[in-house]
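Reading through the structure tokens given below for one structure.
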Amino acid sequence: MNTSPLTVLGVAHDALNFAMPAEACDCHTHVFGPSANYPLSPERNYMPGDALVPDLLALHDGLQIARVVIVHPSPYGTDNACTLDALRLLGPRGRGVAVIDAHTTDAELQAMHKVGVRGIRLNLETSGIHDSDYAATQLRWATARVAPLGWHLQMFTNLSVMASLREVINTLDTPVVFDHFCLARAELGTSQPHFDTLLALLASGRVWLKLSAPHRVAQDPDGAAMTEMARTLIAHRPDRLLWGSDWPHPGGRPGQPRHRDQVEAFNPINDGHALNRLAAWVDDAATLRQILATNPARLYDF
């Protein structure tokens, strides 16, 4: 039962049942809108509603989250204005991950760095891109752009594409971060194809993984299969793991078509419950502090 008074954008969030570490960070959020101020890309796959910085702060203040990473969402294409304005409002509390293209100048990257951007995202999955050669080309190009700034590369892709990039990743000095468990399916278990490659890359120290949005990779995020997969990752390399809520939870509903010109409702995910679930996956307070605070401070240069 939800006994917490915290409600944001119509979604209730459980109170925490553990001691939140100081300087905890939500490493995967998005800000949308106000829609009148930030035009959407004509190439978008969906139309979001508004989810503003005050809404995000209300959630994080209620859940005792001190820091946040804004990941630039795909409906804006490479126009990072909404994300950059959000970072200006957040100040030292926030960091960002931008989306760029060949037209983005070095001067623009420097300006982004000044307001808190520390990485760029290659969003292959939302666009349905699973071509390994294309992914490798993009990875090399992105590395050349951001390495001088000390940034990282964030990739939203699946285990198969990740595995095809192993040799490329092993040549990079730039850290690579995989979103949302790298889309490993909980029900397929830790012996599913390419999960061993994910573990090997984590062991190498060359990649980071976000324990974010388990509802995207599990039929039952609270179930035994999800718990087993998460605990395997946590036991393997906790110093390369991050937590993110994926607030305000875009991504559509299972089995429902997506529409470019009709506002798509966010998924009503209880983020307090998600944090309590994370705490249940972790064996001890020191490891929880590492995932929620120490690792983000290092990767995002807080």
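The values are calculated or read from the model by the stated rules, or taken from the named source; none is laboratory data. Just so we're clear, the structure is a prediction, and the values are computed from it rather than from any experiment. In this analysis, Cβ positions are derived from the backbone assuming ideal geometry, glycine residues included, and neighbour counts consider all displayed protein chains.
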> So which of 87, 63 ends up being in contact with a helix residue (DSSP H, G or I) (Cβ under 8 Å, 6 or more places away or on another chain), free of Cβ contacts under 8 Å to residues at least 60 places away in the same chain and not β-branched (Val, Ile, Thr)?
Replying inline: 87
> Is it the case that some residue within the stretch 61-83 is surrounded by fewer than 18 Cβ atoms within 10 Å (Cβ to Cβ), more than 17 Å from the chain's Cα centre (by Cα) and over 30 Å from residue 143 (Cα atoms)?
Replying inline: yes
> When you scan the stretch 99-129, how many residues do you find that are at pLDDT 95 or above and of a type in the set (S, T, N, Q)?
Replying inline: 3
> Is it fair to say residue 204 is touching a helix residue (DSSP H, G or I) at 6+ places or on another chain (Cβ under 7 Å) and among the hydroxyl-bearing types (Ser, Thr, Tyr)?
Replying inline: no
> In the stretch 97-143, which residues are of a type in the set (A, V, I, L, M, F, W, C) and more than 23 Å from residue 206 (Cβ to Cβ)?
Replying inline: 102, 107, 111, 112, 115
>> Quick check on the stretch 176-193. Is at least one of its residues out of contact with any Cys (no Cβ under 9 Å at 6 or more places or on another chain), of a type in the set (Val, Ile, Thr) and more than 23 Å from residue 243 (Cβ to Cβ)?
In response: no
>> Taking the criterion of being within 20 Å of residue 300 (Cα to Cα) and outside any strand (DSSP E or B), would at least one residue in the stretch 122-142 satisfy it?
In response: yes
> What residue, of 163, 230, is assigned to a helix (DSSP H, G or I), under 17 Å from the mean Cα position of the chain (by Cα) and surrounded by 16 or more Cβ atoms within 10 Å (Cβ to Cβ)?
Replying inline: 230
> Could you list, in sequence order, the residues of the stretch 1-46 that are in a strand (DSSP E or B) and within 24 Å of residue 118 (Cα to Cα)?
Replying inline: 25, 26, 27, 28, 29, 32
> Within the stretch 21-56, how many residues are touching a Leu at 6+ places or on another chain (Cβ under 7 Å) and within 26 Å of residue 276 (Cβ to Cβ)?
Replying inline: 9
> Tally time: how many residues in the stretch 254-291 are farther than 20 Å from residue 181 by Cα and without any contact (Cβ under 8 Å) to a residue 40 or more places away in the chain?
Replying inline: 5
> Counting only residues that are buried (at least 19 other Cβ atoms within 10 Å of the Cβ), without any contact (Cβ under 8 Å) to a residue 60 or more places away in the chain and more than 19 Å from residue 133 (Cα to Cα), how many does the stretch 175-197 have?
Replying inline: 4
